[in-house]
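To keep things clear, I will list the structure first and then write my remarks on it.
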Amino acid sequence: MSEEKMYFEALSKELGIDLEISQDGCVSLSQNNRNLLIKWNEREKKFIVYAEIGQLLGWNDFEIMRQLLSANFLFFGSNGGTLSYTPINNSIGFNYCIPANGLSPEEFVNMLNAVVLLADEWKNNLDKMQEEQERTAERNIEKTLDFEDDADSDAVSSMNFIKI
């Protein structure tokens, strides 16, 4: 049995589902509407976990990506993981490495659960960021419309009408 299989078997047992391991040591699964990809890195003896946390919605995505990227600095804001962007589907993911050196399969499952909890926190953070950007955009639209209405009413009130 290759090294990663015992970890994936423990995860399979914990989840109560059969996991299919690809030829390059990957397992993908969807749990609670969350897509996970777990890849075994043979050379470095570690797992790379990718958890999709959401998609960008178009409300000032630049600002959201700036905030997410700043969380990656020295892994401080991201609690040891990294945040990534996938342009194919405009999604944001949380990435984390789990070294297998000296790690039991049960500890692997516990670490994976912790990574999923961190991804949940980032999903909540992303949702809040997007809600704030949507509110900001709506306020700006309202201000623009109010300004246009005021400009139109001022133009009409300054016109001289002839009484017939």
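The values are calculated or read from the model by the stated rules, or taken from the named source; none is laboratory data. These figures come from a predicted structure and were not determined experimentally. With ideal geometry, Cβ positions are generated from the backbone for all residues, glycine too; neighbour counts draw on all protein chains shown. Quick note on the areas: whole protein, heavy atoms, side chains included, nothing else; ligands and nucleic acids left out. Shrake-Rupley method; radii C 1.70, N 1.55, O 1.52, S 1.80 Å.
Key figures for this structure:
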| read-out | value |
| --- | --- |
| Residue satisfying all of: in region 50-77; more than 30 Å from R139 (Cβ to Cβ) and among the aliphatic types (A, V, I, L, M); surrounded by the fewest Cβ atoms within 10 Å (Cβ to Cβ) among these | L74 |
| Near pairs, Cβ below 7 angstrom, 6+ apart or cross-chain, from region 99-111 (in contact (Cβ under 8 Å) with a residue 12 or more places away in the chain) to any residue that is among the β-branched types (V, I, T) | F108/I98; M111/I98 |
| Selected residue (criterion: nearest to the chain's Cα centre (by Cα)) from residues of region 45-56 that are part of a strand (DSSP E or B) and more than 21 Å from N124 (Cβ to Cβ) | I48 |
| Selection within region 29-42 - open to solvent by 60 Å² or more (accessible area, probe 1.4 Å) and modelled with pLDDT under 95 | S30, Q31, N32, N33, N35, E42 |
| Of all residues making up region 83-117, the number that are farther than 23 Å from E4 by Cα, modelled with pLDDT of 95 or more and among the hydrophobic types (A, V, I, L, M, F, W, C) | 2 |
| Per-region count, region 12-44, residues within 23 Å of the chain's Cα centre (by Cα) and of a type in the set (A, V, I, L, M) | 6 |
| Residue in region 7-26 that is farther than 24 Å from E121 by Cβ, open to solvent by 60 Å² or more (accessible area, probe 1.4 Å), modelled with pLDDT of 95 or more and not acidic (D, E) present | yes |
| Single residue of S78, S91 found to be touching a strand residue (DSSP E or B) at 6+ places or on another chain (Cβ under 6 Å) and of a type in the set (S, T, Y) | S91 |
| Test: residue in region 11-22 that is touching a residue at least 60 places away in the same chain (Cβ under 8 Å) and not in a loop (DSSP other than H, G, I, E, B) | yes |
| Test: residue in region 57-74 that is within 14 Å of the chain's Cα centre (by Cα), closer than 20 Å to N33 by Cα and assigned to a strand (DSSP E or B) | no |
| Of all residues in region 78-87 being among the polar types (S, T, N, Q) and in a strand (DSSP E or B), the one that is surrounded by the fewest Cβ atoms within 10 Å (Cβ to Cβ) | T86 |
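Rundown of residues vs (1) in a helix (DSSP H, G or I); (2) open to solvent by 40 Å² or more (accessible area, probe 1.4 Å), yes/no style:
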| site | (1), (2) |
| --- | --- |
| N89 | no, yes |
| I98 | no, no |
| M111 | yes, yes |
| D120 | yes, yes |
| N125 | yes, yes |
| Q130 | yes, no |
| E134 | yes, yes |
